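FYI, it's all coordinate maths here, none of it is from the lab. Note that the coordinates shown come from a computational prediction; the quantities given were computed from them, not determined experimentally. All Cβ positions, even for glycine, are placed from backbone atoms using ideal geometry, and neighbour counts span all protein chains on display.
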Amino acid sequence: MNIILLGPPGAGKGTQARLLEQERGLVQLSTGDMLRAAVKAGSEIGLKAKAVMESGGLVSDDIVIGIISDRIEEPDCQNGFILDGFPRTLPQASALEQLLNAKGKNLDAVFELKVDDEKLVERITGRFTCADCGEGYHDKYRMPSVEGKCDNCGGANFARRADDNEETLRTRLFAYYKETAPLIGYYFAKKNLVTIDGMADVNDVTSTIKSILDGNAA
């Protein structure tokens, strides 16, 4: 079972990918992680990527596709994989389709986690975590029971991600709608696309994905 997760930053793709890994035995594939692993392994395509990265250039789509090609042949991917963050553009989607066709593989589903931009900005900019144990909180939806004290570990150190600010998030949203949103139409035309409310509760999103994968969606 091979799946793509689409959606803007903060839509919950990473969370759903981890849950799918646990429940379905699939492998979440991150292009960044794959690039670093290929470079470390010293594979032919990894050496090409290393040369580009050391020169300060951007790794080409051909190299990324080559790394994905090698990665999905590894034993742990034989049950299927989840692509989160790739493809980002129409040329990448076309190249991925050609790769899968050449290997006799196909996409089982492309899930679009649809969001309300303004609510997403509120959700992301308000989140913070305990710096000691990683417990998550939110300015509006989940504050510690005792102010300044983590419910989980009792710690008093809290942190926010540097990029969890409105300006950065809106810049990332603009990039998503400009570069990646066209994939929604692309996969709709391919009859792979399933749109899900990404603003719903995490468990509800997970249940919807599970039902669709099981063929029991209404």
>> Given the DSSP H assignment, sum -39500 (n - 2.57) over each helix run of at least 4 residues in the chain and divide by its residue total; what's the result at 222 nm in deg cm²/dmol, nearest 500?
In response: -13500 deg cm²/dmol
>> With just the Cα atoms defining each centre, how far is the stretch 124-195 from the stretch 1-68? Give it in Å.
In response: 21 Å
> Looking at G126, L113, H138, which one has the Cα that reaches farthest to the positive end of the dipole of the stretch 93-142 (charges on Cβ: Lys, Arg +1; Asp, Glu -1)?
Replying inline: L113
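Among L6, L183, what is the fewest-to-most ranking by other Cβ atoms within 10 Å?
Placing the least packed residue first, the sequence is L183, L6.
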>> Give me, ordered by chain and number, the residues 5 or more places off D132 or on other chains with an amide H under 5 Å from its own placed amide H.
In response: N157
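For the chain, what is the charge dipole size about the Cα centre, in debye to the nearest 20, if Lys and Arg each add +1 at the Cβ and Asp and Glu each add -1 at the Cβ?
Dipole of the chain, to the nearest 20 debye: 260 debye.
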> T195's amide H: which non-local residues (gap 5+, or another chain) put their own amide H closer than 5 Å, with H modeled 1.01 Å from N in plane and none for Pro or chain starts?
Replying inline: E112
>> List the Cys residues of the chain that have no partner Cys with a C-beta closer than 4.7 Å.
In response: C77
>> Of the listed values (1) 44, 44, 35; (2) 57, 49, 34; (3) 59, 45, 32, identify the label whose number matches Cα extents along the principal axes in Å calculated from this model.
In response: (2)
>> Given points 7 Å out from each Cα along the Cα-Cβ axis, report the E74 to R36 separation in nanometres with one decimal.
In response: 1.3 nm
> Long-range amide H contacts for A109: which residues qualify at under 5 Å (H placed 1.01 Å from N, peptide plane, sequence gap of 5 or more or a different chain)?
Replying inline: N2, I4
> Using the Cβ atoms and a cut-off under 15 Å, what net charge is assigned to the surroundings of G104, where Lys and Arg are +1 and Asp and Glu are -1?
Replying inline: -1
>> Assuming a strict under-20 Å limit between Cα atoms, what lysine pair count do you get for the stretch 1-136 once near-sequence pairs (fewer than 8 apart, same chain) are dropped?
In response: 4
